[in-house]
Structures are given as structure tokens and as C-alpha cells.
Amino acid sequence: MVFLIIAECIVNPSALDAVEFSNKHLSMSTPSTQPEQSEPIAALATPLGVGALAVIRMSGKGVFDIAQRVFRKKNKPEFLFSTSKGFRAHYGTVYDSEGLIDEVVALTFRSPNSFTMEDMVELSCHGGPVVVKHILQVLLDEGCRLAEPGEFTRRAFLNGRIDLLQAEAIGEMIHARTESAFRTAVHQMQGTLSQRLDSMREQLLRSCALLELELDFSEEDVEFLSRGQLRQELAALQVELRRLVDSYQHGRLLKEGVATVIAGKPNAGKSTLLNVLLDEERSIVSHMPGTTRDYIEECFLYEKTMFRLTDTAGLREGSEDIEHEGIRRSYKKISEADLILYLLDISQEEYLDEVPQILEFLERYSNARMIVVANKIDLITESRERMHRIRELTGCDICGISAANGIGLDELKHLMSSMVEGLDKLHEASVLVTSLRHYEALRNASDALENARELIESSSATELIAFELRSSLEYVGEITGKVVNEEILHVVFDRFCIGK
Ligand SMILES: Nc1nc2c(ncn2[C@@H]2O[C@H](COP(=O)(O)OP(=O)(O)OP(=O)(O)O)[C@@H](O)[C@H]2O)c(=O)[nH]1
Ligand SMILES: [Mg+2]
């Protein structure tokens with residue numbers, strides 16, 4: 001009988017519910033799809049401050065009863081929240097023991113048709129910090145607990161409304177500072193990446209299930225999955241995983257901005273350049289060498305690309321303690337840069353003395369792109385010749401500017417943006433990895449598949465191949481939350497704000 005079933009599986013693998021089988025074998029925890037009403041929570045969902053409106057949201061067991069005790073509907077004292085349909089707006093007043101607090105609109109959401117899939121009430125009140133404080137206090141007095149950061153989204157995830165990737169996308173959408181970062185987050189929220197990962201996971205589960213089956217019948221010495229076919233399947237999956245891993249290089253720049261460090265000798269004009277790019281007197285400028293001690297970071301948007309600009313302490317030898325520490329920090333920032341703007345004072349007679357330093361930078365920080373920026377071209381007439389000489393000696397892109405007079409800045413910005421070419425068009429590519437957590441999991445998943453392929457090549461034991469497939473499966477599952485633990489939940493939701 002058993003062999004009949006197995007034979008059926010070999011002819012038609014879908015006859016076996018491989019997914020279910022494998023889940024049993026791999027004992028993975030998957031989030032529940034049943035809405036669960038946890039203890040009631042409340043929080044301000046809009047920024048704290050003065051505004052036309054503020055929204056306070058409540059979610060969980062008994063929120064309609066709590067709302068009932070603090071809210072009176074205008075001209076309808078007999079109104080009951082418990083009988084209200086979902087998606088209804090009720091105009092009325094909120095009271096505490098001392099009387100009226102504010103006129104509000106109460107929106108009702110009935111489980112499971114709400115963001116958290118629990119019963120929810122949202123109160124739109126006037127946007128003053130004291131009003132908000134009073135309303136929140138009365139909700140807490142009536143039995144709500146103040147929500148933790150990201151707790152509403154966490155519940156949406158735990159109740160199966162969204163997966164972990166989509167939960168993170170909500171956070172990324174809120175924090176997006178560029179159009180492209182926003183578009184990528186929207187894609188992720190719609191589940192494009194989740195679908196890709198789910199289908200990969202399903203494929204892996206099937207292979208895993210068949211290998212596990214072989215192990216269960218190891219004494220029969222049968223092969224339910226041809227090793228040649230498995231190797232091919234894994235190779236195709238690996239190509240896809242690699243593509244996602246590689247997309248992080250751009251995805252990270254898109255989300256965090258291009259880490260751009262302005263470096264060079266004291267007095268080259270680094271702080272002047274930072275200020276002129278930001279169009280703001282952000283950094284102190286003076287004729288004294290060694291003015292900037294600590295680094296200064298600010299974001300600068302050019303067309304659709306976000307640059308995180310860092311002005312650093314000028315690099316020189318033999319300086320006193322504080323400056324020495326500043327220079328140490330400069331080097332740290334340079335080593336973390338995506339783009340280095342190496343600034344030099346081209347008007348100095350000994351401008352060629354900087355060539356060895358430029359060459360050293362090119363070698364030492366080869367992961368970063370570099371532009372040599374020849375500053376103070378307003379002070380000499382032969383700047384072109386000098387720049388040409390530097391380009392010849394270093395092979396580096398060079399751009400002449402006068403930071404103090406705003407000359408050559410358009411060309412510099414253009415060059416900076418061409419260094420990260422394609423970034424502004426990336427949102428059109430549907431799937432992009434923007435999070436370090438996803439990147440690491442995908443890389444681990446791909447490495448595990450590579451190991452599995454090598455084991456197949458060397459005709460190794462089925463146990464070993466199955467082990468690698470299982471670990472690849474877990475890494476992929478970690479991304480969408482099919483495999484989840486408290487640590488992952490902390491990493492994801494602690495970055496949210498309260499009320500989200
Ligand atoms: N003529 C001229 N002077 C400039 C230009 N850019 C900067 N300066 C002057 O050069 C001096 C040094 O400028 P900073 O921007 O403070 O130089 P820095 O590289 O930040 O110097 P440190 O912070 O000491 O490392 C100031 O007196 C600036 O006004 C320029 O394009 N032309
Ligand atoms: Mg400076």
C-alpha cells in the first residue's frame with residue numbers, strides 16, 4: 001500500500017501534499033491566520049504636536065465597550081458601539097469624569113475587517129497635545145494599555161493580515177525620503193517580493209519532502225527525486241536568489257541614500273562645499289586649517305537621488321588630541337563611504353603632492369566610487385592644465401569647482417549622480433531588496449543551496465543534502481515570517497513608532 005502511494009508520488013509529485021508533509025517534518029512555526037483579540041491597546045497614530053486633527057486608535061478585545069464608556073453620539077444617546085457596523089463614522093463627544101474633553105469622530109472597524117484584524121476604534125480629535133493627552137488618559141483609565149512601538153502592525157502580522165515583508169514595507173514607506181524609496185516600499189507592500197519568495201519556498205519544500213521521504217524508506221534504497229533534476233532546480237533557484245542578493249547593492253542606496261564623504265586636507269574647502277550643496281550654513285568655515293573637528297552629516301537630494309553628505313575633519317599628520325580623534329573619525333567615515341569626494345585646493349603650487357594620497361585612497365577604498373574635486377579654481381588661471389595632470393597621474397574622475405563662488409557645482413552634482421546611475425529608474429524594476437535583514441537571509445539561503453549542489457555533485461548522503469535544503473528553506477521563510485522567532489520580531493517591530 002505504502003509503495004502504491006509512493007509510486008503515485010513519483011508519477012505525479014503533486015499527488016502528495018508535499019507542503020503539509022514537509023511542514024510536519026520541519027516543525028516550522030507559521031503565523032496563525034485566525035484573528036485573535038488580544039488585550040486592548042491605544043496610542044496616538046499621528047505625530048505629537050499641534051495640528052488640525054489627531055487620530056487616536058484602539059485595537060483589541062472590548063474596545064467597543066471602552067469607547068462606549070467615554071463617547072456620546074450627538075443627538076443619539078441610545079447609540080451602542082456594539083451594534084455599529086464596521087467602517088462607520090460616528091460624530092460625538094468624549095468625556096472623562098470631569099466632563100467634556102473634545103468633539104470627535106469615532107470610526108469603527110469590526111474584526112476581521114480592520115488593520116489588526118481585531119475590533120478597532122479610531123478617534124479623530126482636535127490636534128493639540130493636551131487634548132490628545134486627556135483622551136489617551138481616559139482610554140487608559142477605562143482599560144486600554146498604551147501600545148508599544150509597532151504593536152498594531154505586529155498584531156496585523158501575527159493575525160495573518162500581512163507577512164513580515166509587508167509589515168516592514170509599511171515602515172519603509174512611512175520613512176521614505178525619495179520617490180524611488182517610496183515606490184519600492186509600495187511594491188513590497190503589495191507583496192511582489194513575498195510572492196516570489198513563497199513560490200521559491202514551495203519549490204524547496206517539495207524537493208525537501210521527497211528527500212525526507214527517501215530517508216524514511218532508506219532501507220529500500222530508492223531515489224524519489226533524480227539528483228540531476230534536483231541539481232537543475234537548485235541552480236535555477238540560486239540564480240533567482242543571487243539576483244535578489246545583488247539587487248541589495250542598489251536597494252540599500254535607494255533606501256538609505258548614497259553615503260558620500262567629503263574628504264581632503266585641512267582648508268581645502270570641504271565645509272564650504274557641504275554648505276553650498278545644502279544651501280545652508282551648516283558647517284563652520286574659516287581660513288584656519290583644522291576648523292572641522294567632528295564629522296557633520298546631512299541629507300541632500302539631487303533629482304531623484306538621496307546623498308547622505310558627510311563633512312569631515314581635514315586629514316593631516318601630527319595634530320593635537322582632539323583633532324587627532326576627529327581625523328580618526330574621518331577615516332572611519334571614508335571607509336564606510338559609497339562615494340568619496342576627494343577635495344583638494346588646486347590653487348596651491350604643491351597641488352601634485354596630493355597625488356600619492358589619491359592613489360592610496362583608490363587602492364584602500366576600492367569598494368567606493370571616487371571623484372577628485374579640484375576646489376578654488378577662481379584663484380588661478382591654469383586650473384584646467386593642473387586638473388588634466390592629476391587625471392593623467394591618477395586616472396580618477398575630476399571636476400573643477402569654486403565652492404565659495406558656486407562655480408562648477410552643476411557639473412559636480414551631475415557627476416555624483418552618474419556615479420550611481422540607474423538609481424532613479426530603479427522603482428520600475430519590480431523586485432528589489434532594500435533591507436539588510438533580507439539581504440543576509442537571502443545570501444545564507446543561496447549559500448546553503450550552493451552547499452547542497454556541491455553535495456549532490458559529490459554523490460553525498462541524502463541526509464546532508466536534505467539538511468542544506470532545510471536550512472535554505474528556513475532562511476527564505478525568515479524573510480516573509482513563515483519561520484519566525486521573538487528575535488526577528490524585535491528587529492522588525494522595534495523600529496516602528498508608537499501608534500503604527
Ligand atoms: N577663493 C576661494 N576660497 C575658498 C573656496 N572654498 C573655500 N574657500 C576658503 O577656504 C577656507 C577654508 O574653507 P573651509 O570650508 O573651512 O575648509 P575645510 O576643508 O572645511 O577646512 P578644515 O575644516 O579645516 O579641514 C575658507 O577661508 C574659505 O572661505 C573657493 O572656492 N575659493
Ligand atoms: Mg571644515
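Can you give the three extents of the C-alpha atoms in the range 258-426 along their principal axes, from longest to shortest, in whole Å?
Projected onto the principal axes, the Cα atoms of the range 258-426 cover 46, 34, 32 Å.
Putting +1 on Lys and Arg Cβ atoms and -1 on Asp and Glu Cβ atoms, find which of Asn267, Cys208, Gly228 reaches farthest to the positive end of the dipole of the chain.
Asn267
Beyond 29 Å, what share of the Cα-Cα pairs of the chain is found? Please give it as a whole percent.
Cα-Cα pairs in the chain separated by more than 29 Å: 65 percent.
Determine the relative contact order of the chain: mean sequence separation of Cα pairs under 8 Å and six or more apart, normalised by residue count, in whole percent.
Details: 866 pairs, mean separation 85.6, N = 500.
It comes to 17 percent, rounded to a whole number.
Cα convex hull of the range 71-219: how many Å³ per residue?
Working: hull volume 26.9 nm³, N = 149.
Output value, Cα hull per residue: 181 Å³.
Let a ≥ b ≥ c be the square roots of the eigenvalues of the Cα gyration tensor of the range 33-82; is it rounded (a/c under 1.5), or, if not, prolate (a/b larger than b/c) or oblate? Write down the numbers at each step before the final one.
Numbers: a/c = 2.73, a/b = 1.04, b/c = 2.61.
Oblate, because a/c is 1.5 or more while a/b does not exceed b/c.
For n ≥ 4 DSSP H runs only, could you compute -39500 (n - 2.57) per run for the chain, divide by its residues and tell me the 222 nm figure to the nearest 500?
Numbers: 17 runs with 232 residues, N = 500.
After summing the helix terms and dividing by residue count, I get -15000 deg cm²/dmol.
Is there a quick way to get the dipole size of the range 41-162? I mean about its Cα centre, with the Cβ of Lys and Arg at +1 and of Asp and Glu at -1; what is the value in debye to the nearest 20? Let's see the in-between values first.
On the way: 15 positive and 13 negative charges, 88 e Å.
Magnitude of the dipole: close to 420 debye.
Between the range 438-452 and the range 469-500, what's the alpha-carbon centroid distance in Å?
16
Taking the mean number of other Cβ atoms within 10 Å as a proxy for protection, how do you rank 284-293, 327-336 from highest to lowest? It would help to have the intermediate numbers written out before the result.
Values: 284-293: 14.5, 327-336: 16.7.
Per-residue Cβ counts within 10 Å, averaged per peptide and sorted highest first, yield 327-336, 284-293.
Classify the range 264-311: rounded, prolate or oblate, from the alpha-carbon gyration tensor (a ≥ b ≥ c, eigenvalue square roots; a/c under 1.5 rounded; otherwise prolate if a/b is larger than b/c)?
prolate
Hey, what's the Kirkwood Rh for the range 67-108 if you take every pair of different alpha carbons, in angstrom? Present the calculation step by step, with values, prior to reporting the outcome.
Numbers: mean 1/r = 0.0953 Å⁻¹.
Roughly 10.5 Å, rounded to one decimal.
Mind ranking 454-461, 306-313, 210-217 by how tightly packed they are, going by the mean number of other C-beta atoms within 10 angstrom, highest first?
Numbers: 454-461: 12.8, 306-313: 24.4, 210-217: 18.8.
Going by the mean number of other Cβ atoms within 10 Å, highest first, we get 306-313, 210-217, 454-461.
Would you work out which of Ser199, Phe109, Ser330 lies farthest towards the positive end of the dipole of the chain? Charges go on Cβ: Lys and Arg +1, Asp and Glu -1.
So the residue we want is Phe109.
Could you derive backbone 3J(HN,Hα) for the range 113-121 from the dihedral phi with the Karplus parameters 6.51, -1.76 and 1.60 (θ = phi - 60°), listing whole Hz in sequence and x where the residue is Gly or Pro?
Each residue's phi maps through the Karplus curve to give 8, 8, 4, 8, 6, 9, 5, 9, 10 Hz.
Which percent, to the nearest 5, of DSSP beta bridges fully inside the chain are antiparallel?
On the way: 38 of 61 bridges.
Counting only bridges with both partners in the chain, antiparallel ones make up about 60 percent.
Antiparallel as a % of all DSSP beta bridges within the range 242-373, to the nearest 5? Intermediate results must be reported in sequence, preceding the final value.
Numbers: 7 of 22 bridges.
Here the share of antiparallel DSSP bridges comes out near 30 percent.
Work out how far the C-alpha atoms of the range 113-196 reach from end to end along every principal axis, then list the three figures in whole Å, largest first.
Largest first, the range 113-196 extends 46, 29, 20 Å along its Cα principal axes.
Given axes a ≥ b ≥ c from the Cα gyration tensor, I'd like to know whether the range 43-117 is rounded (a/c under 1.5), prolate (a/b larger than b/c) or oblate. If you can, show how the numbers build up before the last one.
Values: a/c = 1.69, a/b = 1.06, b/c = 1.59.
Oblate, since a/c reaches 1.5 and b/c is not below a/b.
Non-local amide H neighbours of Met370 (under 5 Å, H modeled in plane, Pro and chain starts lacking H): which ones?
For Met370, the qualifying residues are Ile340.
Would you mind working out the magnitude of the charge dipole of the range 190-296 relative to its Cα centre, with +1 at each Lys and Arg C-beta and -1 at each Asp and Glu C-beta, to the nearest 20 Debye? Mind showing how you got there, number by number?
Values: 13 positive and 17 negative charges, 220 e Å.
Dipole size: approximately 1060 debye.
Can you give me the C-alpha center-to-center distance between the range 206-263 and the range 98-168, rounded to a whole angstrom?
First find each Cα centre; the distance between them is then 40 Å.
Strictly over 24 Å apart at the Cα level, which of Lys255/Lys376; Lys61/Lys500; Lys265/Lys376; Lys270/Lys413; Lys333/Lys500; Lys133/Lys255 would you flag in this model? Intermediate results must be reported in sequence, preceding the final value.
Working: Lys255/Lys376 34 Å; Lys61/Lys500 18 Å; Lys265/Lys376 14 Å; Lys270/Lys413 15 Å; Lys333/Lys500 33 Å; Lys133/Lys255 34 Å.
In this structure, Lys255/Lys376; Lys333/Lys500; Lys133/Lys255 exceed 24 Å between Cα atoms.
Evaluate the charge dipole of the range 280-414 about its Cα centre and quote only its size in Debye, nearest 20, assuming +1 on the Cβ of each Lys and Arg and -1 on the Cβ of each Asp and Glu.
380
A short reminder: the numbers here are calculations on the coordinates, not readings from a lab. Values in this document were obtained by computation on a predicted structure and should not be read as measured data. Here the Cβ is made from the backbone with ideal geometry for all residues, glycine too, and neighbour counts use every protein chain on show.
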